[in-house]
Amino acid sequence: MKENTLEKEIISIIADVSGFDPGEITPEAKLADDLEIDSIKAIEIVVAIEKKYKVSVRDEDVPKITTVSETVAVVHKLLNQELATNVRN
Amino acid sequence: MSGTDRPSYDAVIIGSGISGLVCGSYLAKAGLKVLIAEQHHQPGGYCTSFVRRGITFDAAAHSFGGYRENGIIRKVFNDFRLNDNVAVTRYDPTDVVVSPDSEISLWSDLERTIADLGSSFPDEQDNFRKFASFLLKPDPQSFAGMRRWTFKDLLDHYFRNDKLKSMLSFPIFGNGALPPARMSAFIGAKIFTEFILDGGYYPEGGMQRLSNALAESFQHFGGELLLSCPVSKIIIKNGGAAGIVIGGKMPVSAGSVVSNCDARQTFLRMIGKKHLPLEFMNKLHRMQPSLSMFVLYLGLDQEFENTLHAGSNIWYLSHYDLEKMYRSAARRSPSLIDECMVRISPDRKSLLAFTNTSFRNRAFWSDSKSKFIDGFIARLSRIMPGISQHILYKDAATPSTMDRYTSNYRGAAYGWESTTAQLADPDFRRPSFIRHLYLTGHWSTQGLGIPGVAYLGYDTATSVLKRRKASLSQSSPE
């Protein structure tokens, strides 16, 4: 998947959870400070991403996700790993 | 809305539990025209009181937390000037856990708790400090990283001693109805933070004072509160919530509908299957509700002497196997009342005690309520010898009572079970398949107790206002 398509999808997930309009959400936006993402919403976002893309985000990687673009980067990396595994198999 | 004379609101809220009251207050303060419809004759849900023989009894909730400097309840008090009407006292220690071998007191002063811990668990003092400092430092992402952790995983991460872990888990079991190996780390951590580390607050005069003060503040900002008005239906138009029907006959239009009641009732009874996607219906039927509880109320004479701290929540466990306690709650009998919480009211005139139990059926409780009352008093006599000679009044709330007064499914005390598997589905808060519908309170996500549901009420109000602003700016012709 192209990274900008992925970015749009992730922004849509974050918009659903945060209540902000997708147009208000920039890649640089900070989840906690700018988008008012609390503990429950942070869990909701990670669970929604794992469900949609059928991936598993490593627990230790989650605290590193603090902005929209970092969220996109983590998912992008996971999807590429999966692609590489599928190609090898 | 043209062509109808029905009353119309910007938002209607079904249920006046703490979450509904807080949500309504923020919406009314923001200038919205808001209606709250409540089935009971007084507001509060599980946060109510009643008077018998001149003695005030709290029905279920018996203290609250989240009142520290940046706590959610402090914010609500400040935003609505509740201190003008409610005097808050903090009782110390907030909680005491009594096991067969030792006793832990949890004080408002963390260092005092840690110092006390030294007498029984000297090797764990530093660990407790680290645990508390993690809990009190809000970092939302760290809980997302623990979304698969149980509370047991979290305790294992910080502590070594299994007896201590069970003792620290027991108030969490009582306030969340799950043993540590089943409870999500997030909700266990939240209960420990908001009930224990920052708990033990009490509105002087009884818990009803808190609900009443919120209701008055809601009305002060122009909100309308209808009591003794059960809602029979949520009106759905063009895929969106458009209002409610009160008492089967009075339709009310609304821009947004917020349900502060049981999720099953909201979706299955008030909305109806035909508006629900099959996948969601299946999920709803798979979801497990939390256990209910049996609450004993005793009025005590003034000759009764005991050494229990008034206003503290005192937890008794006679063994350390919380998994066993969870299983025994499902087959609770009058002779099987063991682990429990006891609280002597600040005026020492009454006592509230409870133990977790499953619902079974209404007939079971109408047949055995009085036997359970006697069984519970026998249990308390082992803690406070002679108490049975000092009882002026006795009554109890069974799971069936909880169900009747609050319509919580099967008298569930804490909404859905707070397992990791039931952790986070936004469709229970803001269903994607019905626009303008919101759920708030302990059935909408993981968040329980007065601080938890107050936070959800605040957050739901914020969501309603954000979406309203977005739709107003889209529909604006300019």
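Filter the stretch B:207-253 for residues that are buried (at least 20 other Cβ atoms within 10 Å of the Cβ), among the β-branched types (Val, Ile, Thr) and out of contact with any helix residue (DSSP H, G or I) (no Cβ under 7 Å at 6 or more places or on another chain) and give the result.
Answer for the stretch B:207-253, where residues must be buried (at least 20 other Cβ atoms within 10 Å of the Cβ), among the β-branched types (Val, Ile, Thr) and out of contact with any helix residue (DSSP H, G or I) (no Cβ under 7 Å at 6 or more places or on another chain): B:Ile244, B:Ile246, B:Val252.
List, please: which pairs have Cβ atoms under 8 Å, are six or more places apart or on different chains, and start with a residue in the stretch B:368-390 that is under 15 Å from B:Val295 (Cβ atoms) and touching a residue at least 60 places away in the same chain (Cβ under 8 Å) and end with one that is of a type in the set (Ser, Thr, Tyr) and surrounded by 15 or more Cβ atoms within 10 Å (Cβ to Cβ)?
That search, which allows pairs on different chains as well, returns B:Phe372/B:Thr398; B:Phe376/B:Thr355.
So in the stretch B:335-369, with the set limited to residues that are part of a loop (DSSP other than H, G, I, E, B) and polar (S, T, N, Q), which one is nearest to the chain's Cα centre (by Cα)?
Within the stretch B:335-369, the first condition is being part of a loop (DSSP other than H, G, I, E, B), and the residues that meet it are B:335-339, B:345-349, B:358-361.
Narrowing further to those that are polar (S, T, N, Q): B:335, B:345, B:358, B:361.
On the way: B:Ser335: 28, B:Ser345: 19, B:Ser358: 17, B:Asn361: 22 Å.
The extreme case among them is B:Ser358.
Would you confirm, using the coordinates I've provided, whether A:Val55 is under 12 Å from the mean Cα position of the chain (by Cα), surrounded by 15 or more Cβ atoms within 10 Å (Cβ to Cβ) and either without any contact (Cβ under 8 Å) to a residue 12 or more places away in the chain or not in a helix (DSSP H, G or I) (or both)?
yes
Being within 13 Å of chain A (Cβ to nearest Cβ) and over 21 Å from the mean Cα position of the chain (by Cα) narrows it down to one of B:Lys163, B:Lys137, so name that one.
On the way: B:Lys163 fails: within 13 Å of chain A (Cβ to nearest Cβ).
From the options B:Lys163, B:Lys137, the qualifying one is B:Lys137.
Any chance you could count how many residues in the stretch B:327-346 are of a type outside the set (Val, Ile, Thr) and within 27 Å of B:Tyr202 (Cα to Cα)? I'd like the intermediate steps shown before the answer.
In the first step, residues of the stretch B:327-346 are kept if they are of a type outside the set (Val, Ile, Thr); the result is B:327-336, B:338-341, B:343, B:345-346.
Narrowing further to those that are within 27 Å of B:Tyr202 (Cα to Cα): B:338-341, B:343, B:345-346.
Adding up the residues that qualify gives 7.
Could you list, in sequence order, all residues of the stretch B:426-440 that are in contact with a Ser or Thr (Cβ under 8 Å, 6 or more places away or on another chain) and at pLDDT below 95?
If we filter the stretch B:426-440 for residues that are in contact with a Ser or Thr (Cβ under 8 Å, 6 or more places away or on another chain), which is where we start, we get B:426, B:428-430, B:436-440.
Residues satisfying the conditions are B:Pro426, B:Phe428, B:Arg429, B:Arg430.
Given the conditions (1) of a type in the set (A, V, I, L, M); (2) in a helix (DSSP H, G or I); (3) out of contact with any Asp or Glu (no Cβ under 9 Å at 6 or more places or on another chain), and given that B:Ile73 satisfies all but one, which numbered condition is not satisfied?
Unmet for B:Ile73, out of (1) of a type in the set (A, V, I, L, M); (2) in a helix (DSSP H, G or I); (3) out of contact with any Asp or Glu (no Cβ under 9 Å at 6 or more places or on another chain): (3).
Filter the stretch B:317-333 for residues that are assigned to a loop (DSSP other than H, G, I, E, B) and buried (at least 17 other Cβ atoms within 10 Å of the Cβ) and give the result.
Matches in the stretch B:317-333: B:Leu317, B:Tyr320, B:Arg332.
Report yes if some residue within the stretch B:86-95 is surrounded by fewer than 20 Cβ atoms within 10 Å (Cβ to Cβ) and closer than 24 Å to B:Tyr405 by Cβ; otherwise report no.
Yes, the stretch B:86-95 has at least one match.
Provide a single number: the residues in the stretch B:277-316 that are farther than 24 Å from B:Ala60 by Cβ and surrounded by 14 or more Cβ atoms within 10 Å (Cβ to Cβ). So that I can check it myself, show each step before the final result.
First pass over the stretch B:277-316, keeping only residues farther than 24 Å from B:Ala60 by Cβ: B:277-286, B:301-303, B:305, B:307.
Now restrict to residues that are surrounded by 14 or more Cβ atoms within 10 Å (Cβ to Cβ): B:280, B:283-284.
Residues that pass the stated criteria total 3.
If I ask for residues that are touching a strand residue (DSSP E or B) at 6+ places or on another chain (Cβ under 6 Å) and either farther than 23 Å from B:Met183 by Cα or among the aromatic types (Phe, Trp, Tyr) (or both), which ones from the stretch B:278-299 would you list?
Those that are touching a strand residue (DSSP E or B) at 6+ places or on another chain (Cβ under 6 Å) and either farther than 23 Å from B:Met183 by Cα or among the aromatic types (Phe, Trp, Tyr) (or both): B:Phe294, B:Leu296, B:Tyr297, B:Leu298, B:Gly299.
Every residue in the stretch B:373-420 that is in a loop (DSSP other than H, G, I, E, B) and either in the same structural domain as B:Pro180 (by TED's automatic domain parsing) or not β-branched (Val, Ile, Thr) (or both), please.
The first filter runs over the stretch B:373-420 and keeps only residues in a loop (DSSP other than H, G, I, E, B), leaving B:384-386, B:398, B:407-408, B:412-415, B:417-419.
Correct list: B:Met384, B:Pro385, B:Gly386, B:Ser407, B:Asn408, B:Ala412, B:Ala413, B:Tyr414, B:Gly415, B:Glu417, B:Ser418.
Can A:Thr66 be described as facing chain B (nearest Cβ under 7 Å), of a type in the set (Val, Ile, Thr) and touching a residue at least 24 places away in the same chain (Cβ under 8 Å)? Quick ask: steps written out before the conclusion?
Numbers: facing chain B (nearest Cβ under 7 Å): yes; of a type in the set (Val, Ile, Thr): yes; touching a residue at least 24 places away in the same chain (Cβ under 8 Å): yes.
Yes: the conditions hold for A:Thr66.
Can you tell me how many residues within the stretch B:335-386 are among the basic types (Lys, Arg) and surrounded by 21 or more Cβ atoms within 10 Å (Cβ to Cβ)?
Narrowing the stretch B:335-386 to residues among the basic types (Lys, Arg): B:343, B:348-349, B:360, B:362, B:369, B:371, B:379, B:382.
Now restrict to residues that are surrounded by 21 or more Cβ atoms within 10 Å (Cβ to Cβ): B:343, B:349, B:379.
Within the stretch B:335-386, residues that are among the basic types (Lys, Arg) and surrounded by 21 or more Cβ atoms within 10 Å (Cβ to Cβ) number 3.
Return yes or no: is B:Phe372 of a type in the set (Phe, Trp, Tyr), under 25 Å from the mean Cα position of the chain (by Cα) and closer than 14 Å to B:Ser400 by Cα? Walk me through it before giving the result.
Values: of a type in the set (Phe, Trp, Tyr): yes; under 25 Å from the mean Cα position of the chain (by Cα): yes; closer than 14 Å to B:Ser400 by Cα: yes.
Yes; evaluated as a whole, the condition is true for this residue.
Please identify the pairs in which a residue from the stretch B:294-309 that is not assigned by TED's automatic domain parsing to the domain that holds B:Ile337 has its Cβ atom under 8 Å from the Cβ atom of a residue that is part of a loop (DSSP other than H, G, I, E, B) and surrounded by fewer than 21 Cβ atoms within 10 Å (Cβ to Cβ), counting only partners at least 6 apart or on another chain.
Listed by first residue and then by second, the contacts come to nothing, as the list is empty.
Restricting to the stretch B:400-451, and then to whatever is free of Cβ contacts under 8 Å to residues at least 40 places away in the same chain and among the basic types (Lys, Arg), can you tell me which residue is surrounded by the most Cβ atoms within 10 Å (Cβ to Cβ)?
Looking at residues that are free of Cβ contacts under 8 Å to residues at least 40 places away in the same chain and among the basic types (Lys, Arg), I get B:Arg429.
If a residue must be of a type in the set (Val, Ile, Thr) and part of a strand (DSSP E or B), how many such residues does the stretch B:1-25 contain?
The qualifying residues number 3.
Only residues that are in a loop (DSSP other than H, G, I, E, B), of a type outside the set (D, E, K, R) and out of contact with any helix residue (DSSP H, G or I) (no Cβ under 9 Å at 6 or more places or on another chain): list them for the stretch B:31-58, please. Step through it out loud before you land on a result.
So in the stretch B:31-58, the residues in a loop (DSSP other than H, G, I, E, B) come out as B:31-33, B:38-43, B:45-48, B:53-54.
From the residues that got through so far, the ones that are of a type outside the set (D, E, K, R) too are B:31-32, B:39-43, B:45-48, B:54.
Correct list: B:Gly31, B:His41, B:Gly54.
Here are some conditions: (1) within 30 Å of B:Leu465 (Cβ to Cβ); (2) in a helix (DSSP H, G or I); (3) of a type in the set (D, E, K, R); (4) away from chain B (no Cβ under 11 Å). A:Glu50 meets all but one. Which one does it not meet?
With (1) within 30 Å of B:Leu465 (Cβ to Cβ); (2) in a helix (DSSP H, G or I); (3) of a type in the set (D, E, K, R); (4) away from chain B (no Cβ under 11 Å) applied to A:Glu50, the lone miss is (4).
Tell me the residue from A:Ile13, A:Ile37 that is within 15 Å of A:Val75 (Cβ to Cβ) and within 11 Å of chain B (Cβ to nearest Cβ), please. Quick ask: steps written out before the conclusion?
Details: A:Ile37 fails: within 15 Å of A:Val75 (Cβ to Cβ).
Result: A:Ile13 is the single residue among A:Ile13, A:Ile37 that is within 15 Å of A:Val75 (Cβ to Cβ) and within 11 Å of chain B (Cβ to nearest Cβ).
Considering (1) part of a loop (DSSP other than H, G, I, E, B); (2) modelled with pLDDT of 95 or more, say which one B:Ala28 fails and leave the rest.
Result: B:Ala28 passes all but (1).
Take the residues in the stretch A:1-10 that are assigned to a helix (DSSP H, G or I) and surrounded by fewer than 17 Cβ atoms within 10 Å (Cβ to Cβ), then tell me which one is nearest to the other protein chains (Cβ to nearest Cβ). Write out each step before concluding.
To start, the set of residues in the stretch A:1-10 that are assigned to a helix (DSSP H, G or I) comprises A:3-10.
With surrounded by fewer than 17 Cβ atoms within 10 Å (Cβ to Cβ) added as a condition, the list becomes A:3-5, A:8-9.
On the way: A:Glu3: 22, A:Asn4: 23, A:Thr5: 21, A:Lys8: 17, A:Glu9: 15 Å.
Residue satisfying both the conditions and the ranking: A:Glu9.
From the residues in the stretch A:16-34 that are at the interface with chain B (Cβ under 7 Å from one of its Cβ atoms) and assigned to a loop (DSSP other than H, G, I, E, B), which one is modelled with the highest pLDDT?
A:Ala32
Among B:Gly188, B:Gly145, which is the only one that is within 17 Å of the chain's Cα centre (by Cα) and not assigned by TED's automatic domain parsing to the domain that holds B:Ile14?
Working: B:Gly145 fails: within 17 Å of the chain's Cα centre (by Cα).
Within the list B:Gly188, B:Gly145, the selection yields B:Gly188.
The values are calculated or read from the model by the stated rules, or taken from the named source; none is laboratory data. Worth saying up front: this structure is predicted, and the values here are computed from it rather than measured. Because the Cβ atoms are built from the backbone with ideal geometry, glycine has one as well, and the counts that use them run over all protein chains shown.
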